[in-house]
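Below is one structure, written out as structure tokens; comments come after it.
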Amino acid sequence: MPALDPRTLPAAGDGTAPPPGRPRAPRGLMAFRAPVRRPGLWAAALVLGAMALLAALAPWLTPYDPIATDTTATGLPPGSPGHPLGTDLLGRDLLSRLLHGARTSLLVGLAAAAITVGAGLLLGGAAAAGPRRLDELIARSADVLLSLPMLVVVLALAAVLGPSLGTVIVAVAVTGWMPVALVTRAELISRRERLYVRAAYGLGLSRGRVLRRHLLPGALPPIASIAAFEVGHAILTESTLSFLGLGVPPNRPSWGNLLTEAQAHLLTGEWYTVAFPAACVVVTILAVNVLASAVSADEGSAW
């Protein structure tokens, strides 16, 4: 009789064997060993952490006022004494403006994403747990808004409300809640007929408690992925609106404002006034998207 291979035996307690060539998802403390082998994920987290730390400490790290002009130090190239990244044509220190601009851009991204996810969770939960007419109203409203060109809607809102930091946050939130609401609704509907949910109703739990304790926790992984993408979308939208003059006011540094002001420098050879803020936007959004992809890929896993 041939010897039995332990790898082909059923797992204890469930009577089934794991599919060949497909290891089980890590559980417990072993789950935290999986991300160690993913250098891209750690690099993205490190970049975002460093960017957030530099933005938070900007008032103490920058020796210059980001909006103060110095006519004796105009157009200095990178590496100049006292100005590591150079100055613009008005003599403003570019490093100071970049770090203070990071505060504005990251604030817009996090605030808009928080409002977007909160509104999406509320509306998606109401659509899934409420009456059928409310479900149809929310779902069809989201479909209609998703069919509109979002950039045009954002520009219209910014033009009506006027350029300000709050306008950017409101414009991003108003045009970004639909994917969160639809994903929340679909996840909750797919789970509300499962046996453990029906058992919870059978035990007399209220609809709100079942929603909070049994339905929403299982729907959080895909929502977390969308939330991460919304941060990058908000930062990019802020840069776009500020570039067009409809976002953050010019007297408040942001990456979009820096790109707007750099247009006049392209013909004078100050390439760095464009390269540095553009690189900050690209690197930050890339890091956010890497984290969002990691969250999406790990849906349902233990970690």
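Values in this text are rule-based calculations from the coordinates and carry no lab data. Keep in mind the model is a prediction, meaning the values are calculated, not measured. FYI the Cβ positions are ideal-geometry reconstructions off the backbone, even for glycines, and counts take in every protein chain you see.
Some values worked out for this structure:
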{"item": "Segment A199-D65, length gained on full extension (0.36 nm per residue, minus Cα span)", "result": "42.0 nm"}
{"item": "For region 81-91, Karplus couplings with θ = phi - 60° (6.51, -1.76, 1.60), whole Hz, Gly/Pro x", "result": "x, x, 9, x, 9, x, 10, 8, 6, 9, x"}
{"item": "Computed Rg/Rh of region 169-239, alpha carbon atoms with Kirkwood Rh", "result": "1.13"}
{"item": "Formal net charge of residues neighbouring A119 (Cβ-Cβ distance under 15 Å; K, R +1; D, E -1)", "result": "0"}
{"item": "Rg in Å to one decimal, and Dmax rounded to a whole Å, for region 257-297 via C-alpha atoms", "result": "14.3, 46"}
